[in-house]
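Have a look at the structure below, then the notes.
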Amino acid sequence: SKLAALFEHPLYNIPIPEVTEKDKLFIVNPMEKFSLHSSGSDEWVSSSKAETLLPTGKTAYDTYPTWLKFHVGINRYELYPRRDPLLPTLLRDLATQRIVSSVQKSGGTQLKLIMTFPNYGQALFKPMKQTRDQETPIDFFYFSDFERHNAEIAAFHLDRILDFRRIPPVSGRLVNITKEIRDITTDKKLAKTFFISPAGNVCFYGECSYYCSTEHALCGKPDRLEGSMAALLPDKTLAKRRSWRSPWRRSYHKSKKAEWELNPNYCTQVRETPPYDRGHRLLDLIDMTILDFLMGNMDRHHYETFEKFGNDTFLLHLDNGRGFGTHSRDEPSILAPLQQCCSIKRSTYLRLQLLATQPYLLSDLLREALAADPLAPVLAEPHLRALDRRLGKVLAMVGHCLAR
């Protein structure tokens, strides 16, 4: 396994700082039993009457469902550890656990569902809208593109291979629209949008600001539908998150340009503006830029952080559905932060150099990672080959900066 060898490499074994109590998202006593509440959120409370040691000799922590262990493990420096023993189990849960509730997620431009499991774990389901080999039409604006379920799956694995570990775990899943959505939903608005197509397939379209109409319905074959299942982060009532507008946000206008597109010295003013004037926030944003360029994602208008950790923490790379839309062309403007600031973390640069050479070629590693997904093959081959080409362009840009 090239992937296993990669994670053994010294560049993937640089230790994170010591994690103190204040660096943990949640302070949990592993001896204390918790009871879960079905309160519409993934809330848990301490149960004072519970036995702290179980008859088997295990601690109460051992009985937590995997999603709760994932939440408890989040700290200032990483969303999950490099060698996370929970990861295979969590991905398997997302792909196989029985769905007991299915409702539409509010907000957003396209239809997404919140799925709940018997152990109160929850996942965000993005349904399949396009086949693997459909490229975004050349005349489409980035903001009118479909979100792709397979992009969410591939983005998680790419983020992990780059050693960022800032995307919550995602697995592919084949869902039965009738049994796992229509028959169990309590969402009355969603329930009204189901119908049988002329071809005899079960379809629905939900309610959203774009692509929620009979013409853009999601249809099964006859009721089987592919989608991505992403582990939800802790409920915001338990762990507040702060949303930050990206300084290199696009204008989201058909003809207007953003300031960074007109001012080649734009980075100078960003460097003087909090939170980019200190710490590693700007370098973290450039990490995210490289991830986006590799997958061709032009839709990064905001990012989030956990409020508890202030400015000194990692960025969450959420909403990656507009990645992997094109393989035949690259979008150099995504790399504007790297180009204008000429800054990159040394550790990121060394890993990128490693991923551009045998036996650790980026396309081979992602191909291997995605082969284990229930919906494999997740990406068409041209998308995997495009990764190596784009990685070469990132390294060339850094080389140009170094020469300057």
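Taking θ as phi - 60° and the Karplus parameters 6.51, -1.76 and 1.60, the scalar couplings of the stretch 367-376 work out to 4, 5, 4, 6, 5, 7, 6, x, 9, 4 Hz in sequence order, x denoting glycine and proline.
Think of it as helices only: each DSSP H run of n ≥ 4 in the chain is worth -39500 (n - 2.57), and spread over all residues that comes to -8000 deg cm²/dmol at 222 nm. What does the charge add up to near S251, with Lys and Arg as +1, Asp and Glu as -1, over the other residues with Cβ less than 12 Å from its Cβ? Counting the neighbours of S251, the net charge comes to +3. Fully extending the segment from H253 to A5, taken as 0.36 nm per residue of separation minus the present Cα-Cα distance, adds 84.8 nm.
Accessible surface for the stretch 293-404, divided over its residues, is 39 Å² per residue with a 1.4 Å probe. Counting Lys and Arg as +1 and Asp and Glu as -1 over every other residue whose Cβ lies under 12 Å from the Cβ of G321, the net charge comes to +1. Taking the inverse of the mean 1/r over every pair of distinct Cα atoms in the chain gives a Kirkwood hydrodynamic radius of 22.5 Å. Measuring between their Cα centroids, the stretch 210-257 and the stretch 285-341 lie 15 Å from each other.
Given a Förster distance of 56 Å, report the FRET efficiency between K189 and C342 from their Cβ-Cβ distance, rounded to the nearest 0.05. Efficiency for this residue pair is about 0.70. In the stretch 297-404, what percent of the accessible surface is made up of carbon and sulfur (1.4 Å probe, ligands and nucleic acids excluded)? It is 54 percent, rounded to a whole number.
For a paramagnetic label modelled on K179 (point 7 Å from Cα along Cα→Cβ), amide N atoms under 19 Å away belong, within the stretch 344-381, to 374-375. For the pair L402 and R98, a Förster radius of 51 Å applied to the C-beta separation gives a FRET efficiency near 0.45, rounded to the nearest 0.05.
Could you tell me the calculated FRET efficiency between T214 and D133, based on Cβ-Cβ distance and R0 = 25 angstrom, to the nearest 0.05? With R0 = 25 Å, the Cβ-Cβ based efficiency is 0.45. Per-residue packing, averaged as other Cβ atoms within 10 Å, sorts the ranges 198-209, 271-282 into the order 198-209, 271-282, beginning with the highest. Extension gain, R245-E207: 0.36 nm per intervening residue step, less the Cα-Cα distance, totals 11.1 nm.
Of all lysines in the structure, the ones whose alpha carbon falls short of 24 Å from that of K179, not counting any fewer than 8 places away in one chain, are K105, K112, K126, K129, K188, K189, K192, K221.
Normalised by the number of residues in the chain, the mean separation of alpha-carbon contacts (under 8 Å, six or more apart) gives a relative contact order of 17 percent. Under 15 Å Cα to Cα from K24, which aspartates and glutamates show up? Leave out anything in the same chain fewer than 8 places away. Here the aspartates and glutamates satisfying the reach criterion relative to K24 are E78, E307, D312. Using all pairs of distinct alpha-carbon atoms, the Kirkwood hydrodynamic radius of the stretch 241-403 works out to 16.9 angstrom. Between the stretch 150-182 and the stretch 377-404, what's the alpha-carbon centroid distance in Å? Spelled out, the Cα-based centre of one part sits 23 Å from the other.
Straightening the chain between Q353 and D388 buys 11.5 nm, computed as 0.36 nm per residue apart minus the Cα-Cα spacing.
The values are calculated or read from the model by the stated rules, or taken from the named source; none is laboratory data. Predicted model, so just to flag it, every value in this text is computed and none were measured. When we count neighbours, we look across all protein chains shown, and the Cβ atoms used for this are built from the backbone with ideal geometry, even at glycine. Areas reflect the complete protein model, heavy atoms only, side chains present, ligands, DNA and RNA absent. Shrake-Rupley method; radii C 1.70, N 1.55, O 1.52, S 1.80 Å.
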